[in-house]
1. Just the residues that are within 15 Å of the chain's Cα centre (by Cα), more than 22 Å from residue 45 (Cβ to Cβ) and within 15 Å of the ligand (Cβ to nearest atom), please, taken from the stretch 58-87.
2. Take residue 127 and tell me if it is within 16 Å of the ligand (Cβ to nearest atom), at pLDDT 95 or above and touching a helix residue (DSSP H, G or I) at 6+ places or on another chain (Cβ under 6 Å).
3. Looking at the stretch 72-98, which of its residues are within 20 Å of residue 112 (Cα to Cα) and in contact (Cβ under 8 Å) with a residue 12 or more places away in the chain?
4. When the stretch 99-108 is examined, which residues are found to be touching a residue at least 40 places away in the same chain (Cβ under 8 Å) and either farther than 20 Å from residue 51 by Cα or within 16 Å of the ligand (Cβ to nearest atom) (or both)?
5. May I ask you to say which residue of 119, 111 is under 16 Å from the mean Cα position of the chain (by Cα), over 30 Å from residue 2 (Cβ atoms) and in contact (Cβ under 8 Å) with a residue 24 or more places away in the chain?
Ligand code: NI
């Protein structure tokens, strides 16, 4: 971890008002912490765009387990990429609907491919890929 550096930022007063409102909405106690998170988000976004080899993400899937062979298909796809999957949480939301959350770690492109395959599987009602980081290159 490096030393803490203070620097000045010049910006339009209207933009600062909007930024301060945003900080309040997001519950930031200081502008500095909000700016640090914006920078981290930009860096993680760049890692994903550049296809970094060691990233982390989550995939959530909502589906009806009564749907013909869907659960079996989703399991098959996961087995084909088992090396990316750190953990899977399965919650029975009600009599019909299941929520599955996969925690993934590995190559950005492979994580996106796996997410696309799972989310586009016929019968999946809603799917989402959450892009994050292993945290190793961030302070
Ligand atoms: Ni279930």
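1. Within the stretch 58-87, the subset within 15 Å of the chain's Cα centre (by Cα) is 58-61, 84-87.
Now narrow it down to the ones that are more than 22 Å from residue 45 (Cβ to Cβ): 61, 85, 87.
Correct list: 61 only.
2. Values: within 16 Å of the ligand (Cβ to nearest atom): yes; at pLDDT 95 or above: yes; touching a helix residue (DSSP H, G or I) at 6+ places or on another chain (Cβ under 6 Å): yes.
So residue 127 passes the test.
3. 73, 74, 77, 78, 81, 83, 84, 85, 86, 87, 88, 89
4. 100, 101, 102
5. 119
Each row is one residue, and each column tells you yes or no for (1) surrounded by 12 or more Cβ atoms within 10 Å (Cβ to Cβ); (2) closer than 21 Å to residue 133 by Cα.
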position	(1), (2)
10	no, no
31	yes, no
36	yes, yes
77	yes, no
89	no, yes
97	yes, no
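The values are calculated or read from the model by the stated rules, or taken from the named source; none is laboratory data. Quick caveat, the model's predicted, so the values are computed rather than measured. Backbone-built Cβ (ideal geometry, glycine too); neighbour counts: all protein chains shown.
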